[in-house]
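Step one of this worksheet: look at the structure below.
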Number of protein chains: 2
Amino acid sequence: MSTRDTRTPRRGRPAKVDAVLRAACEVFGRDGYTRAGMETIAAEAGVSTRTLYNHFPGGKAELFRTVMAWSSTHVRDAQLALLHRYLDPERPPRPQDLERDLVLLARSWTNLTAEFPAHFAMVRQIHAEIGHIPDDVREAWQDTGPRTVTRETARVLSALAALGLLDLHGDPERTARHFALLTSGELAQLTFWAYAPLPDPEADAIITAGVRTFLRAYTPAPPRPNPGTASR
Amino acid sequence: MSTRDTRTPRRGRPAKVDAVLRAACEVFGRDGYTRAGMETIAAEAGVSTRTLYNHFPGGKAELFRTVMAWSSTHVRDAQLALLHRYLDPERPPRPQDLERDLVLLARSWTNLTAEFPAHFAMVRQIHAEIGHIPDDVREAWQDTGPRTVTRETARVLSALAALGLLDLHGDPERTARHFALLTSGELAQLTFWAYAPLPDPEADAIITAGVRTFLRAYTPAPPRPNPGTASR
DNA sequence: GGCAAAGTACAATGATCATTGCAGAAACTG
DNA sequence: CAGTTTCTGCAATGATCATTGTACTTTGCC
């Protein structure tokens with residue numbers, strides 16, 4: 001445990017804050033708010049305990065609240081980027097490619113759980129701590145994080161619906177949530193929010209099945225049965 | 001609640017164990033494992049701290065593990081009872097009544113979150129503590145709790161599918177999970193696992209929409225252009 | 001009544017931990 | 001280089017808490 005390991009960008013003061021936030025996310029996510037020790041966080045960040053309190057005069061509680069906002073915007077941005085990469089209404093897929101694109105999107109979303117494990121561990125802790133988090137903090141977190149992704153997904157799905165690729169049955173945000181539930185939602189539940197990951201083939205099967213279920217429920221009714229197209 | 005077993009653990013003695021378990025579930029659910037104090041639990045149960053250790057020599061950890069199993073079997077039994085009340089393959093619904101029955105089932109399942117708030121708070125804590133729970137304890141909990149409900153739901157859905165009421169598209173357990181996700185799953189997500197409940201009308205809208213989505217995806221092959229299907 | 005199991009009150013132990021103050025070292029800025 | 005800000009090591013404080021031993025009381029049963 002030397003004080004000089006991992007990335008130690010000695011340049012610039014805000015660099016320390018970043019290391020602290022990363023470490024705090026890790027430790028809070030692993031141990032939970034109460035069990036997590038300021039000393040542990042400081043050590044993991046390669047920083048002295050005192051520095052923690054210099055940067056966060058509000059102590060542990062302020063640090064936790066800051067980490068909540070910090071990690072959730074990171075992941076949200078990643079999710080939005082993937083959403084727009086795989087579902088761009090400006091370049092809509094051909095109808096027969098929609099399933100492929102939805103699978104790619106769901107797959108890349110679930111891959112984020114492997115890229116940001118500390119964040120998703122934090123989410124579990126937030127859920128557990130929810131009764132001890134001030135209402136406004138909780139609302140702000142939901143609003144900048146999950147709700148934004150749902151809203152933006154709903155916008156994209158609406159655009160695809162306008163192109164005749166989907167039938168949202170009235171409520172775009174509900175459709176967006178249904179999509180997320182049927183793909184990453186089922187995986188999250190089975191893996192304890194990525195704590196105990198599933199082998200890739202099984203994860204793929206779940207995602208594919210989820211997307212198929214989603215499409216069976218949200219594909220527009222064909223205007224007319226066409227004798228040429230046989231379904232698998 | 002009316003959990004009145006009055007069963008005797010060793011000899012004919014008013015079993016305080018039950019009060020302890022109820023209190024522990026309450027406190028663990030509200031405060032989490034680490035923050036919860038043995039003294040608080042004892043006070044809430046109306047017993048002395050010492051009695052806690054007399055009944056659970058393993059201390060806090062053993063108490064937590066016991067509460068996990070205890071509360072999860074309770075809720076599981078309630079869920080199974082509702083499942084069989086509203087979806088009994090022995091008395092299958094007419095096709096046009098299936099949606100009604102599924103809505104009733106989903107509604108009554110979500111009502112359980114109001115009847116056993118402490119249990120669902122415990123579930124949040126279990127998710128948060130998952131990294132600190134021995135693997136076999138976690139597996140046993142999942143197996144007697146959630147997985148049993150999924151398996152039994154899958155069995156019932158399979159029976160309905162055999163009667164031509166549903167098309168499971170191959171995997172009964174996946175279908176069961178999809179049903180739960182689209183109904184109680186969405187509600188759980190939006191309400192932080194029933195911590196911040198939604199007004200009844202909104203909850204009803206979510207459940208109804210979820211069931212409709214489920215049925216759109218799992219209703220057997222679209223009615224063929226065949227004149228025989230309209231009659232009873 | 002009288003015995004034994006079960007429960008209680010209380011104090012003590014030992015450990016962990018958030019938080020703060022301080023004096024000096026290090027890094028950055030002009 | 002001098003000055004200022006930031007960081008660090010260390011020690012101390014005060015608080016909480018799980019756990020245990022002991023002596024005493026209650027309760028159920030014969």
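Considering only residues of the stretch B:44-70 that are in contact (Cβ under 8 Å) with a residue 12 or more places away in the chain and among the aliphatic types (A, V, I, L, M), which is farthest from DNA strand D (Cβ to nearest atom)?
Among those residues, the one meeting the criterion is B:Ala69.
Tell me whether the stretch A:87-98 contains one or more residues that are out of contact with any strand residue (DSSP E or B) (no Cβ under 7 Å at 6 or more places or on another chain), surrounded by 14 or more Cβ atoms within 10 Å (Cβ to Cβ), within 14 Å of chain B (Cβ to nearest Cβ) and in contact (Cβ under 8 Å) with a residue 12 or more places away in the chain.
Checked against the condition, which is being out of contact with any strand residue (DSSP E or B) (no Cβ under 7 Å at 6 or more places or on another chain), surrounded by 14 or more Cβ atoms within 10 Å (Cβ to Cβ), within 14 Å of chain B (Cβ to nearest Cβ) and in contact (Cβ under 8 Å) with a residue 12 or more places away in the chain, the stretch A:87-98 yields no hits at all.
Those residues that are in contact (Cβ under 8 Å) with a residue 60 or more places away in the chain and either over 23 Å from B:Val156 (Cα atoms) or more than 8 Å from chain A (Cβ to nearest Cβ) (or both), I need them from the stretch B:193-210; list them, please.
If the condition is that a residue be in contact (Cβ under 8 Å) with a residue 60 or more places away in the chain and either over 23 Å from B:Val156 (Cα atoms) or more than 8 Å from chain A (Cβ to nearest Cβ) (or both), then B:Trp193, B:Ala194, B:Tyr195, B:Pro197, B:Ala203, B:Asp204, B:Ile207, B:Thr208 are the ones that fit.
Out of A:Pro222, A:Pro199, I need the residue that is surrounded by fewer than 13 Cβ atoms within 10 Å (Cβ to Cβ) and closer than 30 Å to A:Ala128 by Cβ. Which one?
Selected residue: A:Pro199, the only one of A:Pro222, A:Pro199 that is surrounded by fewer than 13 Cβ atoms within 10 Å (Cβ to Cβ) and closer than 30 Å to A:Ala128 by Cβ.
B:Phe28 passes all but one of (1) within 11 Å of DNA strand D (Cβ to nearest atom); (2) modelled with pLDDT under 95; which number fails?
(2)
Take the residues in the stretch B:44-67 that are within 24 Å of B:Tyr195 (Cα to Cα) and away from chain A (no Cβ under 14 Å); name whichever of them is nearest to DNA strand C (Cβ to nearest atom).
Selected residue: B:Ala45.
Of the conditions (1) on the phi > 0 side of the Ramachandran plot; (2) buried (at least 22 other Cβ atoms within 10 Å of the Cβ), A:Ala176 satisfies every one except a single condition; which number is it?
(1)
When you look at A:Arg35, is it basic (Lys, Arg), more than 23 Å from the chain's Cα centre (by Cα) and within 14 Å of chain B (Cβ to nearest Cβ), yes or no?
It is true that A:Arg35 is basic (Lys, Arg), more than 23 Å from the chain's Cα centre (by Cα) and within 14 Å of chain B (Cβ to nearest Cβ).
Within the stretch B:211-220, which residues are within 10 Å of another protein chain (Cβ to nearest Cβ) and of a type outside the set (D, E, K, R)?
Scanning the stretch B:211-220 gives B:Thr213, B:Phe214, B:Leu215, B:Ala217, B:Tyr218, B:Thr219.
Give the stretch B:167-192 a look and list any residue that's at the interface with another protein chain (Cβ under 10 Å from one of its Cβ atoms), hydrophobic (A, V, I, L, M, F, W, C) and not in a helix (DSSP H, G or I), or say none.
Listed by number, the list holds a single entry, B:Phe192.
The values are calculated or read from the model by the stated rules, or taken from the named source; none is laboratory data. All values reported here derive from a predicted model rather than from experimental measurement. Positions of Cβ are backbone-derived with ideal geometry, glycine not excepted, and every protein chain shown enters the neighbour counts.
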